[in-house]
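Participant: Take a look at this one; I'll ask things after.
The values are calculated or read from the model by the stated rules, or taken from the named source; none is laboratory data. Quick caveat: nothing in here was measured; it's all calculated off a predicted structure. Because the Cβ atoms are built from the backbone with ideal geometry, glycine has one as well, and the counts that use them run over all protein chains shown.
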Amino acid sequence: MRIAIASDHAATDMKSALITWLRDNGHDVLDLGPQGSESVDYPDYGYKLADAIASGKAGRGIALCGSGIGISIAVNRNPACRCALVSDSLSARLCREHNDANAIAMGARLIGIETAKDCINQFLNTEFAGDRHQRRVDKLSNPA
């Protein structure tokens, strides 16, 4: 499975470290930018991540910005995406288990690199529980 990753300028250092770590652990990573630390607008990169997931270019996504909030909102504008803002391994596990999240967002100014890695491990290695949760996830795409 290919993992897409995008950030804004506040999270380029974390993004670079995570890309190296993911590749060192055998993952195929699609880096959607930015490449430098010049100021950019997080919605542009959130939309790129959402497009990669919606088009099938990536199976999962990791979105990073200073707080994780803005970029998660941008990703979730695409109806094919379920991006959860996470800050610990439990929230990362539950977003997969209960919500079938296909993207996570994290704040580089709020969590450290080891916590980010823990979140990603849970996100990538937790299966969706289905059952009663499927009915709820279906309602996210088809509101009554």
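Participant: Does Ala105 qualify as being over 15 Å from Ile120 (Cα atoms), modelled with pLDDT of 95 or more and buried (at least 18 other Cβ atoms within 10 Å of the Cβ)?
Facilitator: Working: over 15 Å from Ile120 (Cα atoms): no; modelled with pLDDT of 95 or more: yes; buried (at least 18 other Cβ atoms within 10 Å of the Cβ): yes.
In short, no.
Participant: Just a yes or no: is a residue in segment 37-49 within 22 Å of Asn121 (Cα to Cα) and surrounded by 17 or more Cβ atoms within 10 Å (Cβ to Cβ)? So that I can check it myself, show each step before the final result.
Facilitator: Taking segment 37-49 as the starting set, the residues that turn out to be within 22 Å of Asn121 (Cα to Cα) are 46, 49.
With surrounded by 17 or more Cβ atoms within 10 Å (Cβ to Cβ) added as a condition, the list becomes 46, 49.
Within segment 37-49 (the criterion being within 22 Å of Asn121 (Cα to Cα) and surrounded by 17 or more Cβ atoms within 10 Å (Cβ to Cβ)), the answer is yes, since at least one residue qualifies.
Participant: Scan (1) surrounded by fewer than 24 Cβ atoms within 10 Å (Cβ to Cβ); (2) farther than 18 Å from Val137 by Cα; (3) at pLDDT 95 or above; (4) in contact with a strand residue (DSSP E or B) (Cβ under 9 Å, 6 or more places away or on another chain) for the single condition Met1 breaks and write down its number.
Facilitator: (3)
Participant: Going through Leu18, Leu22 one at a time, which residue ends up being over 13 Å from the mean Cα position of the chain (by Cα), over 17 Å from Pro79 (Cβ atoms), touching a residue at least 40 places away in the same chain (Cβ under 8 Å) and buried (at least 16 other Cβ atoms within 10 Å of the Cβ)? Quick ask: steps written out before the conclusion?
Facilitator: Values: Leu18 fails: over 13 Å from the mean Cα position of the chain (by Cα).
Selected residue: Leu22, the only one of Leu18, Leu22 that is over 13 Å from the mean Cα position of the chain (by Cα), over 17 Å from Pro79 (Cβ atoms), touching a residue at least 40 places away in the same chain (Cβ under 8 Å) and buried (at least 16 other Cβ atoms within 10 Å of the Cβ).
Participant: Something else now. In segment 58-95, what residues are in contact with a helix residue (DSSP H, G or I) (Cβ under 7 Å, 6 or more places away or on another chain), farther than 16 Å from Ser141 by Cα and aliphatic (A, V, I, L, M)?
Facilitator: Answer for segment 58-95, where residues must be in contact with a helix residue (DSSP H, G or I) (Cβ under 7 Å, 6 or more places away or on another chain), farther than 16 Å from Ser141 by Cα and aliphatic (A, V, I, L, M): Ala58, Ile62, Ala63, Leu64, Ile71, Ala74, Leu85, Val86, Ala92.
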